[in-house]
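Just below is one structure, and these are the notes that go with it.
The values are calculated or read from the model by the stated rules, or taken from the named source; none is laboratory data. Everything quoted here is computed from the prediction, not taken from an experiment. Note that each Cβ is placed from the backbone with ideal geometry, even for glycine, and that neighbours are counted across all protein chains shown.
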Amino acid sequence: MNNSQWKNPGDRRARKERLFKGCAIGLTTFSLVILVVLVGHVVVAGFSYLSLDFLTSFPSRFAHKAGIKSALAGSFWLMGLVFLISVPLGIASAIYLEEYNRKGKLSRFIEINIANLAGVPSIVYGIIGLAVFVRFFHLQRSLLAGALTMSLLILPVIIIAAREAIRAVPKNIRLGAYALGATRWQTVIHHVLPAAAPGILTGVILAMSRALGETAPLIMIGALTYVAFVPAGPMDPFTALPIQIFNWASRPQAEFHEVAAAGIIVLLIFLLVLNSAAVWLRHRASKKIRW
Amino acid sequence: MKRLFITGLSLAGFLILTACGNSANNKSISSLTGTVKVDGSSTVFPITEAVAEEFGKIYPKVRVTVGISGTGGGFKKYVIGETDINDASRPIKGSEIKKATENGIEFIELPIAFDGLSVVVNRANNWVDQLTVAELNLIWKAGSHVQQWSDIRPEWPSKPIHLFGPGTDSGTFDYFTEAINGKAQSCRSDFSKSEDDNVLVQGIAGDRYALGFFGFAYYQENTDKLKVVPIDGGKGPVAPSVTTINDGSYQPLSRPIFIYVKPESAKREEVRTFVNFYLDHAPELVGEVGYVALPTEAYDHDRLRFKDVKTGSLFSGKETIGLKIEDILKAG
């Protein structure tokens with residue numbers, strides 16, 4: 001330690017503090033500006049194409065007639081199916097791993113693998129989906145095959161989020177329940193899950209948002225480029241928002257880039273609605289916890 | 001938690017219901033139902049898309065799907081029976097016929113338009129006025145040493161040449177390499193590839209030192225962004241245009257493009273109706289999206305071949321350059 005530090009310790013610390021604060025503000029502003037520029041660009045480009053007709057028309061080779069109906073319906077279907085498949089599976093796995101499974105080598109092995117799976121590139125899930133669901137199980141290029149592939153993709157995320165949420169429930173709650181003679185099942189269903197619900201929900205919604213925006217696995221399993229009908233069941237062929245947007249954006253005509261921008265706005269609104277629903281549900285769920 | 005779960009379930013249910021409800025407001029003109037699955041070449045895609053869109057106005061209940069996987073990628077699906085129709089920008093290959101036969105899958109080969117494979121450069125490129133076939137070969141042959149424009153002609157700029165071309169699953173790639181390098185798929189590999197021609201257009205339009213090739217329609221759509229290079233096949237430089245493609249003077253890069261229909265699928269009324277609609281409306285739609293329509297006689301032959309379920313290929317592995325398409329069809 002040299003003497004100068006002892007002389008003016010407050011000064012130096014305050015300077016560091018100001019410097020760090022400045023950095024933090026600068027970086028936040030930077031990312032915000034990028035976001036605003038991106039969203040602003042998309043809104044300016046796409047706004048003129050945004051109308052009720054855009055939502056209720058099928059794709060077309062003429063930009064002014066092109067609509068997003070089949071892609072929107074495809075994405076709705078996909079999200080519904082993914083939700084039904086991945087949420088029960090994910091939460092059940094998390095409960096088993098946290099509450100029932102004895103901690104040991106096997107459990108650690110599973111844990112590491114799930115964490116690894118969460119980091120696997122999405123195209124790999126597309127290849128698995130193509131080999132297993134499309135070809136082996138003969139699901140063809142259907143919504144169900146797409147939903148199963150997407151579910152595989154987001155399951156690790158849901159499991160990890162749900163496990164964290166369950167682990168965060170204080171041990172006393174469980175012990176209290178056991179002391180009163182509750183079984184493990186009763187403890188989990190009446191106490192642990194309600195307490196963990198907000199955290200689980202956040203994980204689920206984040207995972208669903210990711211599934212909504214993913215393109216690579218869907219292209220891999222062969223979701224289609226031109227679809228001019230609304231799927232009527234889980235075995236129907238389909239297209240989805242990101243694929244439709246990709247198709248428009250890659251067309252040479254400039255008008256189609258504006259149509260693509262309009263598609264992006266729809267996708268963003270969809271995401272925003274999903275996330276707001278999450279915030280609201282989370283708020284409601286956390287209000288109900290009373291110990 | 002229970003209520004939460006129910007909320008979630010009903011949310012999912014609502015999503016599904018709204019998705020279903022959308023189909024109610026279709027106008028019904030013909031009550032024909034069914035599905036027609038098409039996949040394959042991105043070169044042929046604009047034609048099939050246009051046909052599918054027009055078809056949907058009259059037969060709204062027939063569900064036509066069109067994918068883009070490249071001619072080869074499309075045939076991979078076709079030969080295992082996953083699709084009804086394959087868009088192809090080159091004739092089916094011997095190896096693909098073999099695979100199809102192994103799986104008991106046949107095909108009716110129907111030429112539907114002419115394409116003049118177009119070699120293009122950036123709009124700001126002011127030095128290239130024409131290229132000979134020999135120069136194209138010099139640029140594109142396997143192991144080519146051309147790295148700069150000046151490697152082609154010394155008076156051209158000493159700037160690196162950026163090459164763009166369709167991916168190896170593409171029929172356009174097969175045709176180009178066969179016509180220019182003498183053997184399909186024999187080509188240098190250090191160029192930017194995409195199965196989607198639009199990506200190539202964007203790449204070349206944004207790069208002054210770029211050179212690439214793709215189907216005529218994609219040039220037609222982008223004449224304001226790209227400059228087409230006249231090709232000298234031995235009889236002086238010729239630029240691709242409706243006239244030069246039609247009269248056969250744009251050589252050796254003019255070629256017919258096809259759809260391949262599975263006879264098994266053609267037994268279904270919706271597929272049969274779609275293919276006949278395709279052949280009836282091809283002459284007008286082919287021109288609209290930027291290709292060159294075949295002579296009327298050729299479409300008549302197509303209709304007959306389709307009606308009589310004539311399977312097998314007249315074009316596969318044969319030298320058809322310089323032959324009139326209606327004569328080839330008549331001979332078959």
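Things to note:
- Residue satisfying all of: in the stretch B:196-223; among the charged types (D, E, K, R) and closer than 10 Å to B:N122 by Cα; farthest from the other protein chains (Cβ to nearest Cβ) among these: B:R208
For (1) assigned to a loop (DSSP other than H, G, I, E, B); (2) of a type outside the set (D, E, K, R); (3) touching a Phe, Trp or Tyr at 6+ places or on another chain (Cβ under 8 Å), each residue gets a yes or a no:
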{"residue": "B:R188", "(1), (2), (3)": "yes, no, yes"}
{"residue": "B:F213", "(1), (2), (3)": "no, yes, yes"}
{"residue": "B:A217", "(1), (2), (3)": "no, yes, yes"}
{"residue": "B:T223", "(1), (2), (3)": "yes, yes, no"}
{"residue": "B:K235", "(1), (2), (3)": "yes, no, no"}
{"residue": "B:P240", "(1), (2), (3)": "yes, yes, yes"}
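- Single match in A:V134, A:V188, A:V157, A:V169 (criterion: surrounded by 15 or more Cβ atoms within 10 Å (Cβ to Cβ), more than 24 Å from the chain's Cα centre (by Cα) and of a type in the set (V, I, T)): A:V188
- One residue stands out in the stretch A:140-154 among those that are closer than 12 Å to A:G222 by Cα and within 13 Å of chain B (Cβ to nearest Cβ): the one that is farthest from the chain's Cα centre (by Cα), namely A:Q140.
- Unique match (being surrounded by fewer than 19 Cβ atoms within 10 Å (Cβ to Cβ) and either in a helix (DSSP H, G or I) or in contact with a strand residue (DSSP E or B) (Cβ under 9 Å, 6 or more places away or on another chain) (or both)) among A:F54, A:F47, A:F83, A:F58: A:F47
- Yes/no for A:L27 being surrounded by 10 or more Cβ atoms within 10 Å (Cβ to Cβ), within 14 Å of chain B (Cβ to nearest Cβ) and at pLDDT 90 or above: no
- Set A:L268, A:L224: member being closer than 30 Å to A:H64 by Cα, within 10 Å of chain B (Cβ to nearest Cβ) and in contact (Cβ under 8 Å) with a residue 60 or more places away in the chain: A:L224
- Qualifying residue in the stretch A:82-90 (condition: on the phi < 0 side of the Ramachandran plot, away from chain B (no Cβ under 12 Å), among the hydrophobic types (A, V, I, L, M, F, W, C) and under 25 Å from the mean Cα position of the chain (by Cα)): yes
- Among (1) away from every other protein chain (no Cβ under 14 Å); (2) surrounded by 18 or more Cβ atoms within 10 Å (Cβ to Cβ), the one test that A:G74 misses: (1)
- Scanning the stretch B:80-96 for residues that are among the hydrophobic types (A, V, I, L, M, F, W, C) and outside any loop (DSSP other than H, G, I, E, B) returns B:I85, B:A88.
- Filter result for B:Q251 (among the polar types (S, T, N, Q) and not assigned by TED's automatic domain parsing to the domain that holds B:S194): yes
- Some residue of the stretch A:272-291 being within 13 Å of chain B (Cβ to nearest Cβ), buried (at least 20 other Cβ atoms within 10 Å of the Cβ), touching a Leu at 6+ places or on another chain (Cβ under 8 Å) and assigned to a helix (DSSP H, G or I): yes
- Residue check, B:G74 free of Cβ contacts under 8 Å to residues at least 24 places away in the same chain, within 14 Å of chain A (Cβ to nearest Cβ), assigned to a helix (DSSP H, G or I) and touching a strand residue (DSSP E or B) at 6+ places or on another chain (Cβ under 7 Å): no
- Any chance B:D169 is at pLDDT below 85 and touching a helix residue (DSSP H, G or I) at 6+ places or on another chain (Cβ under 7 Å): yes
- Residues within the stretch B:98-132 that are β-branched (V, I, T) and more than 30 Å from B:D232 (Cβ to Cβ), tallied: 3
- Here B:F45 fulfils each of the conditions (1) within 11 Å of another protein chain (Cβ to nearest Cβ); (2) in contact with a strand residue (DSSP E or B) (Cβ under 6 Å, 6 or more places away or on another chain); (3) closer than 29 Å to B:V201 by Cβ apart from (2).
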